[in-house]
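The values are calculated or read from the model by the stated rules, or taken from the named source; none is laboratory data. This one's a predicted model, so the numbers in the text were calculated from it and none came from an experiment. No Cβ is skipped: glycine too gets one built from the backbone with ideal geometry, and neighbour counts run over all protein chains shown.
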Amino acid sequence: MDLKSKLSRLQTQVGANVAAPQDTVSRLRERIAQMERSRRGHDKLDKLRRLGSRKLGSDPAGSDPNLRNLSTLAAAVEGEHIADGLIRIARRIPRRGELGTFVLHTLSANPRLPGEGTTADLRQVYIDTETTGLSGGSGTLAFLVGVAVVDTEAIELTQFLLTGFGAEATMLEAFAETLSPADRLVSYNGKSYDLPLLMTRFRMQGLPHPFDALPHLDLLHPVRRLFARRWVDCRLLSLEQKLLGFNRVDDLPGSEAPAAWFGYLRRGHQAPLVRVVEHNRQDIVSLAVAHSALTRAIDRPQDFGADIPSLARWLSESDEHQARALLQAHADSLCDAGKRLLGHLSRRAGDWQQAASIWETLAARGCIDSMERLAKYHEHVTGNLAAAQRYCETLPVGIASDHRRRRVMQKLAQAPARRRPL
Amino acid sequence: MSSPAEHMAPATDPAQALAARLRSQYAARITGELVLPAKAGHYAPLPDALDARLVEALRGRGVERLYTHQAAAWASVRAGQHTVIVTPTASGKTLCYNLPVLQSALTEKTKALYMFPTKALAQDQVAELMALNDGGRLGVRAFTFDGDTPGDARKAVRTRGDIVVTNPDMLHQGILPHHTKWAQFFESLRYVVIDEMHSYRGVFGSHVANVLRRLQRICRFYNSDPLFILCSATIANPAELAGELISARVHAISDSGAPQGAKHLLLWNPPVVNPDLGIRASARSQTTRIAKMAVKRGLKSIVFAQSRLMVEVLTKYMKDAFDKDPRHPARVAAYRGGYLPTERRAMEKKLREGSIDCVVSTSALELGVDIGALDVCVLNGYPGTIAGTWQRLGRAGRRQRSALGVLVASSLPLDQYIIRNPEFFLGASPEQARIDPDQLLILLDHIRCAAFELPFRDGDRFGKQDLGEMLAYLQEHGVVHHEGGQWHWMEDSYPANSVSLRSVAEGNFVVIDTTGGAQTVIAEVDYSSAPETIYEGAIYMVQSAPWQVEHLDWTGRKAFVTRTHADYYTDAIDYTRLKILARDKLDKLGSDPMGSDPNLSSPNLSVAQGEVHLVRRIAGYKKIRYYTHENIGYGNIDLPDQEMHTTAVWWQVNPGALDASFDSRQQALDGFLGAGYAMHIVAAMRMLSEPRDIGRAVGDGNAEWFATVGANGRGQLLGKQGEAVDPAALQRFTPTLFLYDNYPGGIGISEPLYENRAAVVTGARALVNDCECAHGCPGCIGPILASDEVRGYSPKAAALQVLGLLSD
């Protein structure tokens, strides 16, 4: 017998449509609870797994919004209610003093990274979100969106904080209004996290999202280029420590943000949520500072322990001359990949001598690519066929290398014949 | 025998000639046969409305007209009806859905979602669409989207695919939870195609129905209302299953217009080689013999085996006969899961081209993979269901000449039942495919997933249970949050990842082979079957090869095993105590005719269905030697009790009638245990389910005592603490035989089981009665000890007596 007929039978028994649901309803919930218990067994592992879904029904603060004191939250985060369920926090952070080793008044409003065109001249809008989950998907929302711009005196920060689900559309619209077509977004891991998530939220609320029209710079990518082989990881916290010389004190880890927001919704717990707002502020300020600091690391890579060959490769995409100069300045300490790049850039610059000398060093260490380049070099540039043949012999067997070997041998065989009449 | 021999076509037809030969030479082994006459094709012209580009593409592939069922499908779909097409293998099913889908993609730029149960089938389908596409250069883009789709290709599939081909698991975990990324796709989604629909039954089908409810919900969000086109192999209730899967009325098309040669089916029981122990020759030897005869006669053959290992063994035997000379191309090939996709594709091509004479396969070839036409199909063992048997037999069949199928029975009880009751198999319609999408736990899982995808609003419906109550339950557990008339997802998690469509219980165990020091995962075991299969000391079989469980890490969900060469298998002894919680249905039979008040009269028999609570303890295990089935030892198992709330059917006999029918309660008890064993086999067969989907127990129904087969091979009663209880000392002795739904909450088996209550008992009676053993065997009432002859009465006779009482 299905539940509906069970329900209707029970309802007829009590002769009313009103009183019955109370009973039958708790029976349905009881049945589910009983089945869930039997499905999960009683062992510890299952209990651990279910920690995230503790029974909360007995908590009087459960879901009653009246028990959450909204005005004290707004006060605690120094924000104002701009709509039901939405707090805006606007702050000007004066560019005085330092963040770690970085002197804030030297902050640039338009830092320029290698190869950047006019996008660097746009207004740079630093953005970071805090979300209800870290696994993505349409059930995860951003409950806190922060944006900042740098002007001559201050970092101007605006944060939008949801105090319930209802105001999400209002928040997204308010956030979108802070943006204009003359902006570029700057984020940390925003390409794969914050922006796709925000796009999802705009879609879920049936709103057009502003992102297609806006350029976007994800600083994680340049940071990876410069430091992926130097640092244990490229998280924002590592960047603060290593690039800005700054350690956060009493920071609430980003991974605890979802629990902090849920805790506020369920039980009115305010303190952790206030710390999330602070965490987000710190993230955005660090992001703005890191953007400027990166340009310095590019100018003086050795001072920041940046990966010089990787930087040179990046520079070479827009300016081979600058890239080669950088490598030459560090020629003594280059790794093989750096040397190979220097050889490549030297050849492109027409400096065959430097290129050949680098290839010879590398070939002596068994670098196949360099051997092949030397073979080509001697075959086509110097005409030293004997040398070309020597390098050909060292190449591994393959269609291209066999072809080259045969051709050089042929040329060698013809060369004396051609010379004889002389 | 359902068709006399004189109705057969002349023996010049090679498959017919082989059938005649087998019948004359091995008459005693053939327990039943069936001849399906040849059918001519029925055709219809290409529909007028068909786009000219599509017509050209079809002509390019030699298609000038349609079969009538293809034309009927076109008409039904174009009329805006959800449509299910049920026709045999190789009858041109794919065109039934490709035509309307391509037409609409070409003329209206609409999109379609194709869903296949496996990745391999999805890839086949894309290849097929590509072929049709190339012919007319239609420019319709079809892509697969599954776990193998590389990350950088996914965006292109989402935004540019006109036809996206996927599987239910991917739809559930990869597409629906990320629907916003698919917004464009869902906005123009016009058709959803579900092929191999018959594979969506039981737990899997119940999950899939809910995944489709979620799909429909997402489509509504994007203002689309796609039409469903479903295809199925033969089952008894295609329209009903389709309707339950998509929660809407579905028009069924089941008359195939494709021509078909005659089909001849033989049921084959290997000869008895040891009459004392009732041991028969192996199915393997018989299968090989028949397949060899077929190949020698130049007939293209397929052999189906039940395990990958058996595929390899049979292939070796066939190759020993036909591929001795390595200079010639191979005539025999194996096909099974576990091969690389490229190998499988190459094999399929050879099969289609006819350069292979005999292929040995697992069920991997049962689903729609195109391998061309074959003459002979040999089934090494009963596939477990009537529908599954016909699907495999359908692999052999040509349009111009006849085909032969031979079902070779193994020694397993179900096989022996089928083979000894040919009229049941031959006369039965295929099974009903059943699902229970409103099973509370499955529904709850998908309500969680759906709430994540899109907040529910007050008054929304999802399934047939009270959604508001279920959401309230989830709110109590902090999973959702009610605000402003909506239920919002409220957890830092991705619920689809913790819901597996292929089972209802959580936390699969992995089986890890530690032979030789390495650690290799060789299998996964469901949580619910772990206690009875991977206890320490168990012999765990993978592809018929034995491993021994050395250590079970219950909390870590791991079983560590090593290879062994044991000549025995192990069988868990479970103590299942059941308590009846609520009786929903009751049937009283054989009431005392004198009693004027039916409530006071005492019926001889009552059968009931309802909810039960059971506590299961796996206390030990038996070691049983192969072939002789003798008990060669015992071991203890120390595992936590399993508790389950589920549904069951139970049989009770009036205590007075029972005491009157047996010399002792001990005999009655043995009879109940044996009857339960046989009824379990028959119930599993009738319910189109695996035997492990159903549990059985004998107890008092009040969890006071329960019965089990003890170390002496006799039934014994154990009390609440596992202490022995003397049946003779009980005041009231009402042994109750339970067959229960072996999933938490039940998956809808017990109601149809109750409807079939009489047939189950009748079937079990026939099974035991017709068994050739003396006192009982694993083929009828379960293994008995060699010492049973000294019992003084036959356990088999006792079981028959109980079955007699139950069929009053």
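Examine the stretch B:209-223 for a residue that is of a type outside the set (D, E, K, R), in contact with a Phe, Trp or Tyr (Cβ under 7 Å, 6 or more places away or on another chain), surrounded by fewer than 20 Cβ atoms within 10 Å (Cβ to Cβ) and farther than 19 Å from B:LYS93 by Cα, and state whether such a residue exists. Yes - at least one qualifying residue is present in the stretch B:209-223. All told, B:ARG448 falls short of being free of Cβ contacts under 8 Å to residues at least 12 places away in the same chain, more than 7 Å from chain A (Cβ to nearest Cβ) and among the basic types (Lys, Arg).
Taken together, the residues in the stretch B:591-629 that are modelled with pLDDT of 70 or more and not in a strand (DSSP E or B) amount to 2. Report yes if some residue within the stretch A:260-278 is in a helix (DSSP H, G or I), closer than 19 Å to A:GLY100 by Cα and out of contact with any helix residue (DSSP H, G or I) (no Cβ under 8 Å at 6 or more places or on another chain); otherwise report no. Taking every residue of the stretch A:260-278 in turn, at least one turns out to be in a helix (DSSP H, G or I), closer than 19 Å to A:GLY100 by Cα and out of contact with any helix residue (DSSP H, G or I) (no Cβ under 8 Å at 6 or more places or on another chain).
Checked against (1) touching a Ser or Thr at 6+ places or on another chain (Cβ under 9 Å); (2) without any contact (Cβ under 8 Å) to a residue 40 or more places away in the chain; (3) under 22 Å from A:GLU116 (Cα atoms), A:VAL150 passes all but condition (2).
Name the single residue, out of those in the stretch B:394-417 being among the hydrophobic types (A, V, I, L, M, F, W, C) and crowded, with 24+ Cβ neighbours inside 10 Å, that is farthest from B:SER301 (Cα to Cα).
Here the residue is B:ALA409.
Go through the residues of the stretch A:134-141 one by one and say whether even a single one is farther than 30 Å from A:HIS321 by Cα and more than 14 Å from chain B (Cβ to nearest Cβ). Within the stretch A:134-141, none of the residues are farther than 30 Å from A:HIS321 by Cα and more than 14 Å from chain B (Cβ to nearest Cβ). If the condition is being buried (at least 21 other Cβ atoms within 10 Å of the Cβ) and either basic (Lys, Arg) or outside any helix (DSSP H, G or I) (or both), then the stretch A:184-209 contributes A:LEU185, A:VAL186, A:SER187, A:TYR188, A:GLY190, A:ARG201. Per the listing A:VAL223, A:VAL277, A:VAL232, A:VAL249, the residue uniquely within 15 Å of A:LEU161 (Cβ to Cβ) and assigned by TED's automatic domain parsing to the domain that holds A:LEU294 is A:VAL277. For the stretch A:172-186, the criterion of being under 15 Å from the mean Cα position of the chain (by Cα) and within 14 Å of chain B (Cβ to nearest Cβ) is met by none of the residues. In the stretch B:171-200, the residue that is nearest to B:ALA73 (Cα to Cα) out of those that are modelled with pLDDT under 95 and under 22 Å from the mean Cα position of the chain (by Cα) is B:ASP195. Inspect the stretch A:293-313 for any residue being touching a strand residue (DSSP E or B) at 6+ places or on another chain (Cβ under 9 Å), under 30 Å from A:GLY146 (Cα atoms) and crowded, with 18+ Cβ neighbours inside 10 Å and give the result as yes or no. Yes, the stretch A:293-313 has at least one match.
How many of the residues making up the stretch A:393-406 are in contact (Cβ under 8 Å) with a residue 12 or more places away in the chain and not in a loop (DSSP other than H, G, I, E, B)? Steps first, please.
Residues of the stretch A:393-406 in contact (Cβ under 8 Å) with a residue 12 or more places away in the chain: A:393-396, A:401, A:404-405.
Then keep just the ones that are not in a loop (DSSP other than H, G, I, E, B); that gives A:393-394, A:401, A:404-405.
The qualifying residues number 5.
Out of curiosity, is A:ALA375 at pLDDT below 90, in a helix (DSSP H, G or I) and buried (at least 16 other Cβ atoms within 10 Å of the Cβ)? For A:ALA375, the condition - at pLDDT below 90, in a helix (DSSP H, G or I) and buried (at least 16 other Cβ atoms within 10 Å of the Cβ) - is met. Comparison of B:GLY459, B:GLY478 shows that the only residue that is more than 7 Å from every other protein chain (Cβ to nearest Cβ), on the phi > 0 side of the Ramachandran plot and not aliphatic (A, V, I, L, M) is B:GLY459. Residues being farther than 30 Å from B:ASP526 by Cα and within 14 Å of chain A (Cβ to nearest Cβ) are represented in the stretch B:196-218 by at least one member. Taken together, B:ILE371, B:ILE435, B:ILE419, B:ILE356 contain a single residue that is modelled with pLDDT of 75 or more and assigned to a helix (DSSP H, G or I), which is B:ILE419. Within the stretch B:481-491, if we keep just the residues that are within 7 Å of another protein chain (Cβ to nearest Cβ) and either of a type in the set (A, V, I, L, M) or surrounded by 20 or more Cβ atoms within 10 Å (Cβ to Cβ) (or both), the residue that is farthest from A:TRP261 (Cα to Cα) turns out to be B:HIS482. Restricting attention to the stretch B:637-669, the residues that are within 14 Å of chain A (Cβ to nearest Cβ) and part of a loop (DSSP other than H, G, I, E, B) total 4. For B:ARG29, only one of the following conditions fails: (1) out of contact with any helix residue (DSSP H, G or I) (no Cβ under 8 Å at 6 or more places or on another chain); (2) under 30 Å from B:PHE425 (Cβ atoms). What is its number? Only one criterion in (1) out of contact with any helix residue (DSSP H, G or I) (no Cβ under 8 Å at 6 or more places or on another chain); (2) under 30 Å from B:PHE425 (Cβ atoms) is unmet by B:ARG29, namely (1). All of B:ILE279, B:ILE235, B:ILE229 fail the test of being of a type in the set (A, V, I, L, M) and modelled with pLDDT of 95 or more, apart from B:ILE229. The listed residues are B:SER91, B:SER104, and the only one of them that is hydroxyl-bearing (Ser, Thr, Tyr) and either assigned to a loop (DSSP other than H, G, I, E, B) or touching a His at 6+ places or on another chain (Cβ under 7 Å) (or both) turns out to be B:SER91.
Residues in the stretch A:314-335 that are of a type outside the set (A, V, I, L, M), in a helix (DSSP H, G or I) and in contact with a helix residue (DSSP H, G or I) (Cβ under 6 Å, 6 or more places away or on another chain): A:TRP314, A:SER316, A:GLU320, A:GLN322, A:ARG324. Among the residues of the stretch B:37-87, the ones that are outside any loop (DSSP other than H, G, I, E, B) and out of contact with any strand residue (DSSP E or B) (no Cβ under 7 Å at 6 or more places or on another chain) come to 13 in all. Listed by position, the strands (runs of 3 or more DSSP E) inside the stretch A:107-166 whose residues that are modelled with pLDDT of 95 or more and small (Gly, Ala, Ser) number at least 2 are A:142-150.
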